[in-house]
Amino acid sequence: YIIAPPCRVVDLRLLKHVDNRGAPRYKVKVPPDDATDEDMELWDGELGVWFETVQWNGRRKIIVKGAKRGKFSHNNTDIHVGDELVAIDGRMVLDMTFAEAMILIKKRLSEVSDICKTK
């Protein structure tokens, strides 16, 4: 038998990056409703996510290939490698090419960045 020494208990609700991901789908809002002015000053306009296309069950999906530490997606969302991009501003990604989806994301991020700079 191995007896493990007691360890410190941490309330997971107090950790910023922990989420139970109880829902199979969730929305990522840029900027998030709870973003402070300081958060927005630190934001450089990058989502910090790499996407790729895969064929899965006979259809093309755009999935998260990677997320960059310290960027918006890491600090303010629950995006993980393997997550599927389903829609952008309510437009289904299934109806877009990979290039069209990336152009739309970049356009929207640029618009948000411009709005944040004028505040």
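Looking at Ile63, Ile79, just one residue is within 16 Å of Tyr26 (Cβ to Cβ), assigned to a loop (DSSP other than H, G, I, E, B) and open to solvent by less than 80 Å² (accessible area, probe 1.4 Å), and that residue is Ile79.
Candidates in segment 18-53 are the residues that are among the β-branched types (Val, Ile, Thr) and over 23 Å from Gly90 (Cβ atoms); of these, the one that is modelled with the lowest pLDDT is Val18.
Could you tell me whether segment 91-99 includes any residue that is out of contact with any Gly (no Cβ under 9 Å at 6 or more places or on another chain), basic (Lys, Arg) and at negative phi? Yes: segment 91-99 contains one or more residues that are out of contact with any Gly (no Cβ under 9 Å at 6 or more places or on another chain), basic (Lys, Arg) and at negative phi.
The values are calculated or read from the model by the stated rules, or taken from the named source; none is laboratory data. Keep in mind that what you see is a predicted model, and the values were worked out from it rather than measured. Using ideal geometry, Cβ is built from the backbone for each residue, glycine included, and neighbour counts are taken over all protein chains shown. Heads up: the accessible areas ignore ligands, DNA and RNA and are worked out on the full protein's heavy atoms, side chains in. Shrake-Rupley method; radii C 1.70, N 1.55, O 1.52, S 1.80 Å.
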